[in-house]
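Here's the structure, in structure tokens; my notes come after.
Derivation of every value follows stated rules applied to the coordinates shown; laboratory data play no part. What you are looking at is a predicted structure, and each value in this text was computed from that prediction instead of being measured. FYI the Cβ positions are ideal-geometry reconstructions off the backbone, even for glycines, and counts take in every protein chain you see.
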Amino acid sequence: MNFKIITIFPDFFTTPFKYGIIGRAIKNGTISADIYNLRDYAEDAHRSVDDRPYGGGAGMVMMVGPIWKAVKSLKGNFSRVLLLSPSGKLFNQLLAEKLSKEKELILICGRYEGVDERVAETIADMELSVGDYVLSGGEAAALIVVETIARLIPGVLGKEESLEKESFKDSLLEYPQYTRPRDFMGMKVPEVLFGGNHDKIRKWRERASLAKTKRNRPELIKERKDELNEGN
Ligand code: SAH
């Protein structure tokens, strides 16, 4: 999988792409993540990428021209073009799984007051939001999208890491995890985890996962019920 990121702040990604699972995957060539400076595709001597909004209003809007030029030069037969935007489709684990099957993702990072709507209408295949809040730029959002998708690509996670029982599998949050010490200032690890009774441990984890989901994300359980009913 290739990730191509279009941004006015290319240095934003230098450090995050050096470390951890992503860093390793880039180093061993399982994925590539290349950064493109939008200003290199600007159409004037000042390398402008933004202008005042038609109809008035505060701030600047990113122009369609440089983005069109960048995407045209980067896009291949198998690219999907994604525009990061708070008005996009909400990015979640299910969508990440779908997108992880693609060969190449081109991510466009907005800044300022946002991006000329013609980018969403004609250049991007999809507008993606990482949550119901407004960031100052698409870079942090792009990082979230790359981090989430990359670890779903076969070969990216090592043997020691696993996708099997993670949060959002079956629309539930992950069960609580513990490691040493057994007793930390009187806070004890649940007894059932020491017995070595794998059936009991599995049942406890199922119950704990459900309880935690009910407490922190009750809407996930409702969505899951709706999905199951639709399946019938
Ligand atoms: N005025 C716009 C916000 C612009 S924020 C509005 O009210 O909708 C500037 C840029 O940050 C956006 O163009 C987008 O690329 C990025 N951004 C902000 N919030 C985001 C979110 N929740 N998900 C994805 N990208 C986001």
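Structural remarks
- Put a dot 7 Å past the Cα of Asn2, heading toward its Cβ, do the same for Glu121, and the two dots end up 2.9 nm apart.
- Across the range 165-231, the volume of the C-alpha convex hull divided among the residues equals 96 Å³ per residue.
- Antiparallel bridge percentage (DSSP; both residues within the chain; nearest 5): 15
- Estimated D of the chain in µm² per second, where Rh is the Kirkwood radius over Cα pairs and Stokes-Einstein applies at 4 °C, 1.567 mPa s: 64
- Full extension of the chain segment joining Leu163 with Thr14 gains 51.0 nm, where the gain is 0.36 nm per residue of separation less the Cα-Cα distance.
- With the simple spin-label model, which puts each label point 7 Å out from Cα in the Cβ direction, the Asn37 to Asp226 separation comes to 4.6 nm.
- Summarising the amide proton neighbourhood of Val115: residues at separation of 5 or more, or on other chains, whose placed amide H is nearer than 5 Å comprise Met62.
- The mean sequence separation of alpha-carbon pairs under 8 Å and at least six residues apart, normalised by the residue count of the chain, gives a relative contact order of 19 percent.
- Among Ala150, Ala45, Ala142, the residue with the largest mean-square fluctuation in a Gaussian network model of the chain, with springs joining Cα atoms closer than 10 Å, is Ala45.
- Residues whose amide H lies under 5 Å from that of Ile106, counting only those 5 or more places away or on a different chain, are Lys4, Arg80, Val81, Leu82; hydrogens are built 1.01 Å from N in the peptide plane.
- When +1 charges are put on Lys and Arg Cβ atoms and -1 charges on Asp and Glu Cβ atoms, the dipole computed for the chain relative to its Cα centre reaches about 1060 debye.
- Relative to the Cα centre, the charge distribution of the range 121-170, modelled as +1 at Lys and Arg Cβ and -1 at Asp and Glu Cβ, gives a dipole magnitude of about 220 debye.
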